[in-house]
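The values are calculated or read from the model by the stated rules, or taken from the named source; none is laboratory data. Everything numeric in this text was worked out from a predicted model, so none of it was measured. In this analysis, Cβ positions are derived from the backbone assuming ideal geometry, glycine residues included, and neighbour counts consider all displayed protein chains. Please note that ligands, DNA and RNA were not included when accessible areas were found on the heavy atoms of the full protein model with its side chains. Shrake-Rupley method; radii C 1.70, N 1.55, O 1.52, S 1.80 Å.
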Amino acid sequence: MQIGFEDCLLDTDRRELRRGNQLVAIEPQVLDVLIYLIENRDRVVSKDDLIASVWRGRIVSDSTLDSRINAVRKAIGDSGEQQELVRTIPRKGVRFVGSIEERKEQAEMPAPSSDFAHKQEISFCQSADKINIAYAEVGNGPTLIKAANWLTHLEYDWESPIWSPLLQRLAGKNRLIRYDTRGTGLSDRKAEISFDGFVRDFESVVEAVDADRFAILGISQGAAVAVDYTAAHPERVAKLVLYGGYAQGRNKRGSADEVDKGRLFLSLMQHGWADEHSAFMRAFSSLFIPNGTPEQHKWFADLQHWTTTAETGARIRRACNDIDVAELLPRIQVPTLVLHTRHDNVVPLEQGRLIAASIPNARLVTLESNNHLLLAGEPAWEKFIGEIEAFLAS
C-alpha cells in the first residue's frame, strides 16, 4: 500500500518513506509508529496503544515514546511546534491529522520478518567515556556476544536479508547479545571514534549483562575487538569465533597497495553514501557482496541510511584502517574458530590465515565464496553456519 500526504509518500510494503524524490532515513521502530498512527488516524492514539502495538507490551519510558514521536514528526517534515500532521492531545495521546491518499501496489519483496525481532529486549549502558551504548538480548542457551562490525542497527538488522538469516540461526540456540557501537544505530551518534572506543563499548556491554563466561563472535572489524578483549580478559571468554576478520587494518599491512585500496574504499563510500542509484554506491556494495542481488544491494544502501552519516561512516572506516592487534594473537588461549571466504575483496584471506596461524591451536575454515558478507542461499552459507553451530555446541 502506498500512502501519500503533503510531500511524502509512504510505501508500507517496501517500508520506505520518501519526501519529494528523496528516500528518508527512518529507523524501523519510528516507521512502525508512523504506520500505526496513520492506520488509526480516525482516533486519538494513547501511549498504551503504542506500547501494545509497536513495543509488544514491553516496558517503555515516556522519554522513549516522546523521542519516537519527535522522530516521526522530523521524518515527515512536521514539528512539535507546528503539529500540522501529528497532533498531541494533552493527557490523551497523539493523532495523525494529515489528509492522505491511498493506492495499492504490489510489493517487489516483503521485508523478512522474525519472531526474534519482536522478542529482543533493548537496553542501554554507558561506556567508560560516558557514551550511551544500545544493546539487545534475545534467545536462550549459552551466552554469545557479537562484537559490533562496521555498521549495525539493533532493529533494522532483523529486517535485512543480509543479517537476519544469521541472527535467527544464532538466536535459535544461544542467548544472543548484540550492540550498536558508538556513532551508529541506536547508540550515541556524537562520539569520539577510535579503536580504543570500540573496545570500551564492548567492555561496557559485558559489564551490563549478567554473564560470567561467554563466547564471542567477531565479524570483520569486530574480530579485532574480540581479540583485544580476550587477550585482556581470558578468564571471561569461553570460545572465540572470528569471521572475515583482520588483525591489521589497511594502513598496517606494510603494503602501499593496501593503503591505496583504503583510500579508494573511502572515496567510493563517501561519494555514494546511502544512494542506491549511485554508481559509487553500487561499486562499494559490490565489493562486500559481489554476488548479491539488486534487492540485497539496495538493503546495503538502506543500512547506511538508517545506521549513521557519511561523515561518521568515514571516521569509522579510518579508525579501522589503523587497527593492529597482531601482537595480541599469540596471547589468545581459548578455543578459536576462524572462518574466511577464499575470494574476499574487502578483507584478504591472508588476514584470516595470519589470525589462525598466530592464535595457538586455532582452526581455519576457508569458505568458497566471493562475498565478504555471506548470503543465505549461496553454497558456502550452510557450511559457514554449520561450522559455527558445531563449534559453539562442542
| message | Checking the structure you have, find out if any residue of region 249-266 is aromatic (Phe, Trp, Tyr), farther than 28 Å from residue 329 by Cα and under 20 Å from the mean Cα position of the chain (by Cα). | response | no
Q. Taking the condition open to solvent by 60 Å² or more (accessible area, probe 1.4 Å), free of Cβ contacts under 8 Å to residues at least 24 places away in the same chain and acidic (Asp, Glu), does residue 32 pass?
A. no
Boolean, residue 161 is open to solvent by 20 Å² or more (accessible area, probe 1.4 Å), within 14 Å of the chain's Cα centre (by Cα) and closer than 23 Å to residue 313 by Cα: yes
TODO: Output yes when any residue across region 261-271 is hydrophobic (A, V, I, L, M, F, W, C), open to solvent by 70 Å² or more (accessible area, probe 1.4 Å) and part of a helix (DSSP H, G or I), and no when none is.
DONE: yes
Worksheet item: What about residue 361, is it closer than 27 Å to residue 235 by Cβ, among the polar types (S, T, N, Q) and either assigned to a strand (DSSP E or B) or open to solvent by 60 Å² or more (accessible area, probe 1.4 Å) (or both)?
Response: yes
Residue 17 passes all but one of the listed conditions (1) more than 25 Å from the chain's Cα centre (by Cα); (2) open to solvent by less than 60 Å² (accessible area, probe 1.4 Å); (3) touching a residue at least 24 places away in the same chain (Cβ under 8 Å); the exception is number (1)
Among 182, 189, 178, the single one that is open to solvent by less than 20 Å² (accessible area, probe 1.4 Å), in a loop (DSSP other than H, G, I, E, B) and of a type in the set (Lys, Arg) is 182
By residue number, the members of region 276-287 that are modelled with pLDDT of 80 or more and open to solvent by 10 Å² or more (accessible area, probe 1.4 Å) are 278, 279, 282, 283, 286, 287
For region 65-93, the count of residues that are surrounded by fewer than 15 Cβ atoms within 10 Å (Cβ to Cβ) and farther than 19 Å from residue 40 by Cα equals 6
- within 26 Å of residue 13 (Cβ to Cβ) and either modelled with pLDDT under 90 or touching a helix residue (DSSP H, G or I) at 6+ places or on another chain (Cβ under 6 Å) (or both): does that describe residue 60? no
Among (1) surrounded by fewer than 20 Cβ atoms within 10 Å (Cβ to Cβ); (2) part of a helix (DSSP H, G or I), residue 356 falls short only on (1)
Here the residues within region 24-51 that are within 24 Å of the chain's Cα centre (by Cα) and of a type in the set (Asp, Glu) are 27, 32
Counted residues in region 322-351 being in a helix (DSSP H, G or I), open to solvent by 10 Å² or more (accessible area, probe 1.4 Å) and in contact with a helix residue (DSSP H, G or I) (Cβ under 8 Å, 6 or more places away or on another chain) come to 4
